[in-house]
Each structure stands twice: as structure tokens, then as C-alpha cells.
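The values are calculated or read from the model by the stated rules, or taken from the named source; none is laboratory data. Since the model is a prediction, treat every value here as computed from it, not as a measurement. Cβ sites come from the backbone with ideal geometry, for glycine too, and all protein chains shown count toward neighbours.
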Amino acid sequence: MMINHVHIRVKPESVDAFKAASKENARNSVLEPGIAAFDVFQQTDDPTRFLLIEIYREPEAQARHRETAHYAAWRDAVADMMAEPRSSVKYAAI
């Protein structure tokens with residue numbers, strides 16, 4: 001298993017649109033056979049900050065995820081909503 005934490009900060013005026021686009025992406029992502037979980041969290045003390053926790057059954061599943069139409073739609077929809085580039089940290093289950 002590979003766990004990916006994606007840290008995102010969006011522009012204040014884009015919070016609602018980002019949440020809607022991210023929920024739709026997550027709904028479709030969990031249907032992929034290589035994804036064990038795909039969760040979207042909003043920081044409680046700063047609503048412009050989000051954390052995506054993506055759990056892949058194997059590392060190759062992340063590459064396959066990035067080839068899906070729903071990922072491309074999300075990526076393109078949220079590109080201008082970002083207040084700064086997103087960052088990620090990868091973990092391995094032990």
C-alpha cells in the first residue's frame with residue numbers, strides 16, 4: 001500500500017467550488033480498483049487548507065489514477081483555485 005497526503009491551500013473565494021470539485025473526484029476515485037481509500041479533509045482553523053489522503057493498493061495505481069477522466073477534470077477545474085502549489089508526502093503502510 002502507498003499512502004499519499006496532498007496538502008492544498010486554495011484562494012478564499014474558491015473554497016466552495018474546490019470542495020465540490022474535490023468531492024466529485026473522490027466519489028469517482030474510490031471506484032477505481034487500485035484505490036483503497038480517497039478522502040478529502042478541510043482544516044478546521046483555516047478553511048482554505050485541505051488535505052487529501054489517497055491510499056493506493058500498489059504504487060502503479062497512482063499513475064493509473066492520473067490517467068482517468070475524473071482526475072483530469074478535477075486537476076483542470078481546481079488549477080486556478082490554488083493559492084500556492086500543492087505538495088504531497090508519500091507514506092508506506094507497515
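Observations on the model:
- Just one of (1) modelled with pLDDT of 95 or more; (2) exposed (fewer than 11 other Cβ atoms within 10 Å of the Cβ); (3) of a type outside the set (Asp, Glu) fails for PHE18. It is (2).
- The residues of the stretch 24-36 that are more than 15 Å from ARG75 (Cβ to Cβ) and either in contact with a Phe, Trp or Tyr (Cβ under 9 Å, 6 or more places away or on another chain) or not in a loop (DSSP other than H, G, I, E, B) (or both), listed by number, are ARG27, VAL30, GLU32, GLY34, ILE35, ALA36.
- Test: residue in the stretch 5-15 that is part of a loop (DSSP other than H, G, I, E, B) and either touching a Ser or Thr at 6+ places or on another chain (Cβ under 8 Å) or modelled with pLDDT of 95 or more (or both): yes
- Search result, residues across the stretch 62-85 that are modelled with pLDDT under 95 and surrounded by 12 or more Cβ atoms within 10 Å (Cβ to Cβ): GLN62
- Subset of the stretch 37-61 that is touching a helix residue (DSSP H, G or I) at 6+ places or on another chain (Cβ under 8 Å) and in a loop (DSSP other than H, G, I, E, B) - its residue that is surrounded by the fewest Cβ atoms within 10 Å (Cβ to Cβ): PRO47
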